[in-house]
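A short worksheet on the structure shown next.
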Amino acid sequence: MTHEDLEASVPLYAAGALDRTERQALEAHLLSGCSACHAALKDYQSVAALLPLSLSPIKPPQSLKSKIMAERGPAPIPVEVAPTIDPARQSLEPGEWMDHLFPPVAPARSASLPWALGLGAVLVVAVIGYLVWSVFTQRSTDSSNIRQLETSIQEKSATLAAVQREAGNQAKVLDELRNELQRRTTEVANTKEQLAQREAELEEAHAQLSQRSGGHAVGTPQDELATLLRSPNVKAVALAGSDMAKQAVGFLLYDSRTQNAWLYSVNLPECPAGKAYQLWAVHDKPMGIGTFRMNAGETARLLVKKMPTFTEAKTFAVSLEPSGGSLQPTGPMYLLSRS
C-alpha cells in the first residue's frame, strides 16, 4: 500500500472499521515514525470520541438498577500492570498501539512527602516559638529598662529634695549672717560716732591745755590719740564685753608703723583692791601689752608706745590680773575682740 492509501485509512482506523490486514499495515506505518499520519490520527480520534454523543439516549430496563445494586460490593484495588503484547496475537486492537507506544505514566506517590510535611510543620512551630520567645525577651528587657528608669527617677528626686533642703538651710544661714552683719555694721557706726565725739572732746581738752601752758604744745595721751587718728596706717579693733561684763565695750587703735596703740573702754566693773586690767595680744600665745585701773563710773584709756608688732596678732582681750600684770592670763576675761 502506498502512503496515500495508508493516510486515507486513518479515519477508518480511528473509528475501528479496518480489517485485520489493513490495521496491521497502518500500525506498522505509524510505528515507522510518519509524523503526518500521527497528527491525522490524533485529530480523527478526537472526532471519533464525540460520535457516541450524537446517538439518541435509550431508557435502561427496570431490572438494571436492582442488578447493579445486587452486584455492588467493595471494588478491588486496581493494580497497574504495564501493557504487554500477547505473542499469540499478531496485531493490536484499535488504540492499543498508542498505549504500547506511549504507556500511561501513573502519578508517582513520593515516599518523602510525609517527611516533608512533618519537617514543614516542625519549621512552622519553631518559627512561631522563636517569635514568641523574641517578644517575651523584648518585653522582659523593656520591663527591666522601665524599672531602672523608675529607680533612677526616684534617686534623682531624692537628691533634688536633699539639694532643696540644703539650699533652704543655706538661705537661713545667709539670712542670719546678713542680720549679724547689719548688727555689726550698726555697732561699728555707733562706735565711730562715739569715737568722733571723744576726738572732739580731746581736741577741746588739748586746746584748753595749750591755753593753760601758755600756748606751748605738751605731749599728752590725747595728742597721741589724735596722731593715731590722723595716721593712714592706723587699724581699729572692736572689743565686746564677755559674760563677766556684758555691757562693757572697747575700741583699740594701733599703728603698725609707729607701734603705738590706744585702748578706749567703758562700762567695765571697778577694779578690786590689788587688781588691774591687762590688755593682751594673742597670736600663738597671749602677750601682755599694758595694764590700767578702772574706778566706778570712769572711762578707761590706755596708751601704749613701742608695743610689739600687731601684724600677726589674731585676737585681743582684756582680763583682770594682779596689779603690775602677769606673764600669762590668770583671771577672767572681760573684753574680747570680734575679729
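Laboratory data are not the source of any read-out in this text; all were calculated from the coordinates shown. These numbers were taken from a predicted model, which means no experiment stands behind them. Ideal geometry is used to build each Cβ from the backbone, glycine not excepted, and the neighbour counts take in all protein chains shown.
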query = What list of ³J(HN,Hα) couplings, whole Hz, do you get for segment 319-335 from phi and the Karplus terms 6.51, -1.76, 1.60, once you set θ to phi - 60° and write x for glycine and proline?
reply = 10, 8, 10, x, 4, x, x, 10, 6, 9, x, 10, x, x, 8, 10, 10
key: Contour excess over end-to-end distance, with Cα ends at LEU123 and ASP5 and 0.36 nm allotted per residue   = 36.0 nm
inquiry  = Using each residue's phi in segment 282-287, evaluate 6.51 cos²θ - 1.76 cosθ + 1.60 at θ = phi - 60° and report the 3J(HN,Hα) Karplus result to the nearest Hz, with x for Gly and Pro.
reply    = 10, 10, 7, 8, x, 10
task = Could you order peptides 146-152, 9-15 by the average number of other Cβ atoms within 10 Å of their residues, highest first?
result = 9-15, 146-152
remark   = Taking placed amide H atoms and a strict 5 Å upper bound, the residues 5 or more places from LEU239 or on another chain that come that close are GLY250, PHE251, LEU252
query = Where the centre of each part is set by its Cα atoms, how far does segment 180-199 sit from segment 140-161, in angstrom?
reply = 57 Å
remark   = Any residue on another chain or 5+ positions along whose placed amide H is under 5 Å from the amide H of MET294 is listed here as CYS271, TYR277
ask   = Which lysines have a Cα less than 25 Å from the Cα of LYS67, not counting those fewer than 8 places away in the same chain?
value = LYS59
key: Net charge contributed by nearby residues that have their C-beta within less than 14 Å of HIS29 (K/R +1, D/E -1)   = -4
note = From the cross-link list LYS172/LYS314; LYS235/LYS285; LYS235/LYS314; LYS246/LYS275, the entries with a Cα-Cα span beyond 23 Å are LYS172/LYS314
key: Amide H partners (placed H, <5 Å) of GLY331, local residues excluded   = LEU320
